[in-house]
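Accompanying notes for the structure given below.
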There are 2 protein chains.
Amino acid sequence: LADITRAEETLDPEDWDELRALGHRMIDDMFAYLSSVRTRPAWQPVPAEIKEQLDEPLPLDQRDAAEVYEEFKRHVLPYPTGNIHPRFWGWVKGTGTPLGMLADMLASGMNANILGHDQSAALVETQVIKWLAELLGMPRESSGVLVSGGTTANLIALTVARNARAGFDVRARGLQHAEAQPLVLYASTETHSCAQKAVELLGLGNESLRRIHVNKDYQIDIEALRGAVARDRADGCKPFCVIGNAGTVNTGAVDDLTALAAFCREEELWFHVDGAFGALAALAPSLKAMVAGMEEADSIAFDLHKWMYLPYEAGCVLVRDAGAHRATFALTPSYLKPTARGIAAGGLTFAERGIQLSRGFRALKVWMSLKTHGARLFGRLIEQNVRQARYLGELVESHARLELLAPVSLNIVCFRFRVAGLSEAELNALNEEILLRVQESGVAVPSSTQLGESFALRVAITNHRSRLSDFELLVEAVTNIGEAVLRS
Amino acid sequence: LADITRAEETLDPEDWDELRALGHRMIDDMFAYLSSVRTRPAWQPVPAEIKEQLDEPLPLDQRDAAEVYEEFKRHVLPYPTGNIHPRFWGWVKGTGTPLGMLADMLASGMNANILGHDQSAALVETQVIKWLAELLGMPRESSGVLVSGGTTANLIALTVARNARAGFDVRARGLQHAEAQPLVLYASTETHSCAQKAVELLGLGNESLRRIHVNKDYQIDIEALRGAVARDRADGCKPFCVIGNAGTVNTGAVDDLTALAAFCREEELWFHVDGAFGALAALAPSLKAMVAGMEEADSIAFDLHKWMYLPYEAGCVLVRDAGAHRATFALTPSYLKPTARGIAAGGLTFAERGIQLSRGFRALKVWMSLKTHGARLFGRLIEQNVRQARYLGELVESHARLELLAPVSLNIVCFRFRVAGLSEAELNALNEEILLRVQESGVAVPSSTQLGESFALRVAITNHRSRLSDFELLVEAVTNIGEAVLRS
């Protein structure tokens, strides 16, 4: 036995002081990296030689952690997507925060598994869910769970909606039953593709998601919705849910949520709000009215790694009816049976609210960030981004070479470089080339979308590092590059 | 404009040096916390006064980060679930590692979103997936993606199986079609409850998951499986998948994967392996034969935060047929359209392999850990845990008061305190009380399960800090507490 004991190994360092010293160097390096981010390009492609370095044979033997860290610094750290940069406005990505980084380190060190149970980390998540419900105007007794992001949050909400409203035991029987009426749900044509991903996963099928057209402000047309529901009922389908948008991904449009809530009440439909980023507008006093009606939802999906700027991954789903939420996911095999005392006394609170059983401690960064920064600062930053979007909108409108392609309702600006006499196809090609050159220049990162027939440069501002002057630099880059492309 | 610019705020610290100094203190504290973990109780309940402290009003205003950190140290850090402790063997939880903690900090600071795109983090994940495929004996060109954990990994694999084998376009049409044959799949009665969660989500329904009984070693009875498939075909159902277990959660049993692979080939069924922890046995030369046949699977789900000891969350799913994998999840709305150059040139590699669109940089801890520790050390640690399980099994068998309740096939030991003349119900009540007192004593954390009629103390060893002597302490605690309960 003594021999075997001596031979026992571990992943703890032989020399704790040495690894701790490396940890200190990492802290210094990351603080230098983050505080100087403005001096670097917003993005740069990964060079071919780095791509080669990142394709190695399987490492078999032990090496010095400091050596591996040097490789991280040479091959990985210099080539991020760029969303930590003040002039990154592509897709909808958050910036991250230095405090969030430290909180993630603490969480990873504690290595708590928040399926539930009697532990501090579960209490922290319970606390955070209550705060988020309050911030979004949902009852404090709403059920909720932190998840990887908006897609999972929406998926969870739609699973609860399906199971609660199907009228039969979907968990046991599934949807493969000839006698059941086909379940159908509704959302505008501007709804995020995660809704499609969800209905495909859930076995409802993409065809079950009825796309309702939008008005000129990209909001769902409620009369068209009413007609579609009536037609489906007449055709023997069973409408069960409407998805409202608080901030569409293309243009930031917010559906008339109050009207949708009323319609869903009348029609006895589950009212789900996808507020991936836009739901957070509720934190800003001047913007709260824009998402009015959201607080009447049966469920809300939103992200904290977008417009709350926290590091990945942090999303949340809130469900008004805690019973329906739990009834969708609770499942207790014998090895997970709660006990009267001991660790399992806490039950499986969070595993019973979503897909994951093992769950990390993402609640910690939310808790530390809300306690340190305070909800009001988040509200002011959200207002700041909206103000920046309006400012960019004005810059675009006042520039002869630029054209706004959609109303700036929240934090998204869609525009293009315009040249009289060019066809739509030529304008599209020109603007796509401008987009790529702007990205390649390292000055700024917009992304793009298609609005009707038009290719749009798209700027989505969920960035606490952006300054008004950064948008002036963008306009300068787009117009200069546009002229250069025209000449060539 | 100048006025507005001056007023602009950020979540970056006003004083970078001050927050960096706090970061250094956190590093020192966490290293002290981890290196001294053996001196603390394996678990302790959260005291009532701490529960009160963790229920506060919504924080509205800014506070000093150092103050909030002090609250973390007082209210959160002392009350973990315990899985970082050398004598924590409850459920199947990994220990975490100091290096993994540091890697998580770096990842959170970079704040990369690995949906794909041209960035170093996506290359790191590609690299890690190749290494993991090689370690598990899957072709290097297999498709794969890192996920939150085993439940999601299994869900993704079963979604691909469903869509690839249904025989119609499940994504578009869903399962709500009267003319389609009901899809059914198979797994042993010992299969983890996440399989049920998956079929419920997928709209297949729990009834579609046929539970096949097991032999005395808790392995699926393949003749019973053959009979069930034949009966279902005769009844007009469409069998599409078999789930094999590499390490069941109750006893660590491994199904005969070679036989299952052959059966699935014959019957043209998708062969999925749930190897949440057991798949990693492939890393250990002396254990690899136990999971032979796994490399013939169409898909494998496994965790890195269990038997690779990494911090939460890190799971992985591998799919042999990359085309089928992508065909299940790829979906490209206009705002995500890949471009010829620029950031989006990398495509949506990882978003097209699973549920999440935004995805954090969990690949970094896997990459740094494999490069630093080397695959061989992981293999030796897994062997060490199996040796420890066998040692505990021997201790149990050689003790008059203890009884082994299942064969020790891998790293799980199920046993109980026994007293001649007590009924099964009395033994169960006695052992449940022993379990709670052992947990409450802080000496060690086993969990429990039900095997047949018997309540079992269950020790699952996925812990790189455990030493053989720790299991002697467990046996001492169980027998002393058992005698004490008997007397009282």
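The values are calculated or read from the model by the stated rules, or taken from the named source; none is laboratory data. Just so you know, these numbers come straight off a predicted model, no measurement behind them. Every residue, glycine as well, gets a Cβ built from its backbone with ideal geometry; the counts of neighbours run over all protein chains shown.
For region A:154-170, does any single residue satisfy the condition of being under 18 Å from A:Ser299 (Cβ atoms), in a loop (DSSP other than H, G, I, E, B), among the aliphatic types (A, V, I, L, M) and modelled with pLDDT of 95 or more? Don't jump to the end; show me each part of the working.
Pass one, region A:154-170, residues under 18 Å from A:Ser299 (Cβ atoms): A:154-166, A:170.
Going one step further and asking which of them are in a loop (DSSP other than H, G, I, E, B), we end up with A:166.
Retained after the next criterion (residues that are among the aliphatic types (A, V, I, L, M)): A:166.
From what's left, modelled with pLDDT of 95 or more: A:166.
Yes; the residues of region A:154-170 include at least one that is under 18 Å from A:Ser299 (Cβ atoms), in a loop (DSSP other than H, G, I, E, B), among the aliphatic types (A, V, I, L, M) and modelled with pLDDT of 95 or more.
Being under 22 Å from the mean Cα position of the chain (by Cα), aliphatic (A, V, I, L, M), buried (at least 23 other Cβ atoms within 10 Å of the Cβ) and farther than 30 Å from B:Gly379 by Cβ narrows it down to one of B:Ala297, B:Ala344, B:Ala351, so name that one. Before the answer, list the steps.
Values: B:Ala297 fails: farther than 30 Å from B:Gly379 by Cβ; B:Ala344 fails: under 22 Å from the mean Cα position of the chain (by Cα).
On inspection, the qualifying residue turns out to be B:Ala351.
Hey, could you check region B:354-390 for residues that are surrounded by 24 or more Cβ atoms within 10 Å (Cβ to Cβ), of a type in the set (Val, Ile, Thr) and touching a Ser or Thr at 6+ places or on another chain (Cβ under 9 Å) and say which is farthest from the other protein chains (Cβ to nearest Cβ)?
Result: B:Ile382.
Give region B:321-340 a look and list any residue that's more than 13 Å from every other protein chain (Cβ to nearest Cβ) and either buried (at least 24 other Cβ atoms within 10 Å of the Cβ) or farther than 25 Å from B:Glu141 by Cβ (or both), or say none.
Start the filter on region B:321-340 by keeping residues that are more than 13 Å from every other protein chain (Cβ to nearest Cβ), which leaves B:321-326.
Within region B:321-340, just B:His325 meets the criteria.
If you take the residues of region A:381-440 that are out of contact with any strand residue (DSSP E or B) (no Cβ under 7 Å at 6 or more places or on another chain) and polar (S, T, N, Q), which of them is nearest to B:Lys337 (Cα to Cα)?
Looking at residues that are out of contact with any strand residue (DSSP E or B) (no Cβ under 7 Å at 6 or more places or on another chain) and polar (S, T, N, Q), I get A:Ser423.
Residue by residue through region A:119-140, note down the ones that are of a type in the set (Gly, Ala, Ser) and more than 8 Å from every other protein chain (Cβ to nearest Cβ).
To start, the set of residues in region A:119-140 that are of a type in the set (Gly, Ala, Ser) comprises A:120-122, A:133, A:137.
Within region A:119-140, A:Ala122, A:Ala133, A:Gly137 qualify.
Could you say which residue among A:Ala400, A:Ala484 is away from every other protein chain (no Cβ under 14 Å) and either within 24 Å of the chain's Cα centre (by Cα) or assigned to a loop (DSSP other than H, G, I, E, B) (or both)?
Numbers: A:Ala484 fails: either within 24 Å of the chain's Cα centre (by Cα) or assigned to a loop (DSSP other than H, G, I, E, B) (or both).
So the residue among A:Ala400, A:Ala484 that is away from every other protein chain (no Cβ under 14 Å) and either within 24 Å of the chain's Cα centre (by Cα) or assigned to a loop (DSSP other than H, G, I, E, B) (or both) is A:Ala400.
What is the one condition in (1) of a type in the set (A, V, I, L, M); (2) in contact (Cβ under 8 Å) with a residue 40 or more places away in the chain; (3) in a loop (DSSP other than H, G, I, E, B) that B:Leu370 does not satisfy?
Failed condition: (3).
Going through region B:402-449 one residue at a time, which ones are within 16 Å of B:Ser488 (Cα to Cα) and touching a residue at least 60 places away in the same chain (Cβ under 8 Å)?
B:Phe417, B:Val419, listed by residue number.
Going residue by residue through region A:252-259, is there one that turns out to be part of a helix (DSSP H, G or I), crowded, with 23+ Cβ neighbours inside 10 Å and in contact with an Asp or Glu (Cβ under 8 Å, 6 or more places away or on another chain)? Spell out how you get there, then give the answer.
Taking region A:252-259 first, the residues part of a helix (DSSP H, G or I) are A:257-259.
Then keep just the ones that are crowded, with 23+ Cβ neighbours inside 10 Å; that gives A:257.
Now restrict to residues that are in contact with an Asp or Glu (Cβ under 8 Å, 6 or more places away or on another chain): A:257.
Within region A:252-259, one or more residues are part of a helix (DSSP H, G or I), crowded, with 23+ Cβ neighbours inside 10 Å and in contact with an Asp or Glu (Cβ under 8 Å, 6 or more places away or on another chain).
Suppose we filter region B:34-49 for residues that are within 7 Å of chain A (Cβ to nearest Cβ) and either in a helix (DSSP H, G or I) or within 29 Å of A:Tyr309 (Cα to Cα) (or both); how many remain?
Residues of region B:34-49 within 7 Å of chain A (Cβ to nearest Cβ): B:34-35, B:43, B:45-46.
After this cut, where a residue has to be either in a helix (DSSP H, G or I) or within 29 Å of A:Tyr309 (Cα to Cα) (or both) as well, the list is B:34-35.
Summing the residues that are within 7 Å of chain A (Cβ to nearest Cβ) and either in a helix (DSSP H, G or I) or within 29 Å of A:Tyr309 (Cα to Cα) (or both) in region B:34-49 gives 2.
Just one of (1) surrounded by fewer than 23 Cβ atoms within 10 Å (Cβ to Cβ); (2) within 27 Å of B:Leu175 (Cα to Cα); (3) touching a residue at least 40 places away in the same chain (Cβ under 8 Å) trips up A:Ala172, so point out which.
Checking A:Ala172 against (1) surrounded by fewer than 23 Cβ atoms within 10 Å (Cβ to Cβ); (2) within 27 Å of B:Leu175 (Cα to Cα); (3) touching a residue at least 40 places away in the same chain (Cβ under 8 Å), the one that fails is (3).
Go through (1) within 25 Å of B:Tyr218 (Cβ to Cβ); (2) assigned to a helix (DSSP H, G or I) and name the single condition B:Arg458 misses.
That leaves (2) as the condition not met.
Quick check on region A:62-97: of everything there that is in contact (Cβ under 8 Å) with a residue 40 or more places away in the chain, more than 8 Å from chain B (Cβ to nearest Cβ) and assigned to a helix (DSSP H, G or I), which residue is surrounded by the most Cβ atoms within 10 Å (Cβ to Cβ)?
Checking each candidate, the answer is A:Lys73.
Is region A:10-21 home to any residue that is more than 19 Å from B:Trp131 (Cβ to Cβ) and of a type in the set (A, V, I, L, M)? Show your work before the answer.
Going through region A:10-21, the residues more than 19 Å from B:Trp131 (Cβ to Cβ) turn out to be A:10, A:12-21.
The next check asks that each one be of a type in the set (A, V, I, L, M); those that pass are A:19, A:21.
Within region A:10-21, one or more residues are more than 19 Å from B:Trp131 (Cβ to Cβ) and of a type in the set (A, V, I, L, M).
Looking at (1) surrounded by fewer than 22 Cβ atoms within 10 Å (Cβ to Cβ); (2) under 24 Å from A:Asn215 (Cα atoms); (3) out of contact with any helix residue (DSSP H, G or I) (no Cβ under 8 Å at 6 or more places or on another chain), find the lone condition where A:Gly442 falls short.
Looking at each condition in turn, A:Gly442 falls short on (2).
Suppose we keep only residues that are of a type in the set (Val, Ile, Thr) and not in a helix (DSSP H, G or I) within region B:175-213. Which one would you say is surrounded by the fewest Cβ atoms within 10 Å (Cβ to Cβ)? Break it down into steps so the answer makes sense when it comes.
As a first pass, look at region B:175-213 and keep what is of a type in the set (Val, Ile, Thr): B:184, B:189, B:191, B:199, B:212.
From what's left, not in a helix (DSSP H, G or I): B:184, B:189, B:191, B:212.
Values: B:Val184: 23, B:Thr189: 13, B:Thr191: 25, B:Ile212: 23.
Only one residue tops the list, namely B:Thr189.
When you go through A:Thr95, A:Thr39 one by one, which is the residue that is more than 30 Å from B:Gly137 (Cβ to Cβ), in contact with a strand residue (DSSP E or B) (Cβ under 8 Å, 6 or more places away or on another chain) and of a type in the set (S, T, N, Q)?
Working: A:Thr39 fails: in contact with a strand residue (DSSP E or B) (Cβ under 8 Å, 6 or more places away or on another chain).
Exactly one residue qualifies, and that residue is A:Thr95.
Tell me, please, whether a residue that is in a loop (DSSP other than H, G, I, E, B), under 27 Å from B:Ala444 (Cα atoms) and out of contact with any strand residue (DSSP E or B) (no Cβ under 9 Å at 6 or more places or on another chain) can be found in region B:104-122. Steps first, answer last, please.
So in region B:104-122, the residues in a loop (DSSP other than H, G, I, E, B) come out as B:111-119.
The next check asks that each one be under 27 Å from B:Ala444 (Cα atoms); those that pass are none.
Checked against the condition, which is being in a loop (DSSP other than H, G, I, E, B), under 27 Å from B:Ala444 (Cα atoms) and out of contact with any strand residue (DSSP E or B) (no Cβ under 9 Å at 6 or more places or on another chain), region B:104-122 yields no hits at all.
So, in region B:151-169, how many residues would count as being surrounded by 24 or more Cβ atoms within 10 Å (Cβ to Cβ) and more than 7 Å from chain A (Cβ to nearest Cβ)?
8
Quick one: in region B:103-114, of everything that is closer than 16 Å to A:Leu106 by Cβ and at the interface with chain A (Cβ under 7 Å from one of its Cβ atoms), which residue is surrounded by the fewest Cβ atoms within 10 Å (Cβ to Cβ)? So that I can check it myself, show each step before the final result.
Let us first name the residues in region B:103-114 that are closer than 16 Å to A:Leu106 by Cβ, namely B:103-109.
Now narrow it down to the ones that are at the interface with chain A (Cβ under 7 Å from one of its Cβ atoms): B:104-106, B:108-109.
Values: B:Asp104: 31, B:Met105: 30, B:Leu106: 24, B:Ser108: 29, B:Gly109: 28.
Only one residue fits best here, namely B:Leu106.
Only one of these conditions is not met by B:Leu318: (1) part of a strand (DSSP E or B); (2) surrounded by fewer than 24 Cβ atoms within 10 Å (Cβ to Cβ). Which number is it?
(2)
Here are the criteria: (1) within 18 Å of B:Ala363 (Cα to Cα); (2) in a helix (DSSP H, G or I). Tell me which single one A:Leu58 does not satisfy.
Among (1) within 18 Å of B:Ala363 (Cα to Cα); (2) in a helix (DSSP H, G or I), A:Leu58 violates only (2).
Taking A:Gly100 and the conditions (1) surrounded by 20 or more Cβ atoms within 10 Å (Cβ to Cβ); (2) in a loop (DSSP other than H, G, I, E, B), which numbered condition does it fall short on, given that it satisfies the others?
So the condition that A:Gly100 fails would be (2).
Within region A:6-21, take every residue that is facing chain B (nearest Cβ under 7 Å) and assigned to a helix (DSSP H, G or I) and give me the one that is farthest from the chain's Cα centre (by Cα).
Going through the qualifying residues, I end up with A:Trp16.
Of all residues in region B:403-445, count the ones that are among the aliphatic types (A, V, I, L, M) and over 29 Å from the mean Cα position of the chain (by Cα). Quick ask: steps written out before the conclusion?
So in region B:403-445, the residues among the aliphatic types (A, V, I, L, M) come out as B:404-406, B:408, B:410, B:412-413, B:419-420, B:422, B:425, B:427, B:429-430, B:434-436, B:438, B:443-445.
Next, only the ones that are over 29 Å from the mean Cα position of the chain (by Cα) stay: B:419-420, B:422, B:425, B:427, B:429-430.
Residues that pass the stated criteria total 7.
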